[in-house]
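Comments concern the structure below.
Throughout, read-outs are computed from the coordinates displayed, never taken from laboratory work. Keep in mind that this is a model prediction, so the values were computed, not measured. Here Cβ is always computed from backbone atoms with ideal geometry, including for glycine, and neighbour counts include all displayed protein chains.
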């Protein structure tokens with residue numbers, strides 16, 4: 001797997017985890033009507049980053065199922 005794919009997975013996972021923790025912590029600390037605005041915004045951002053992570057992991061997982069190009073040539077020559 002390429003280094004940029006690994007770094008993208010790490011960045012998306014850290015962002016998703018950070019947003020998930022903030023979704024719980026920030027609305028608890030807020031007072032008044034701002035609490036619901038923060039909750040809605042952080043929840044939607046968490047869902048977006050989690051969905052992007054899930055879609056990228058599905059795409060990356062499918063590419064790992066295929067054998068490399070050199071393997072097909074090597075096995076055919078035997």
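Separation between the residue 13 and residue 34 pseudo-spin-labels, each 7 Å from Cα along Cα→Cβ, expressed in nm?
A separation of 3.4 nm, rounded to one decimal place.
What is the extension gain from residue 56 to residue 21, computed as 0.36 nm multiplied by their sequence separation minus the C-alpha to C-alpha distance, in nm to one decimal? Walk me through the numbers before you get to the answer.
Working: separation 35, 0.36 × 35 = 12.60 nm, distance 2.17 nm.
Contour length minus Cα-Cα distance gives 10.4 nm.
I need the calculated FRET efficiency for the pair residue 47 and residue 2, taking r as the beta carbon distance and R₀ as 35 Å, to the nearest 0.05. Provide the component values of the computation, followed by the final result.
Values: r = 27 Å, r/R0 = 0.77.
Efficiency at R0 = 35 Å is approximately 0.85.
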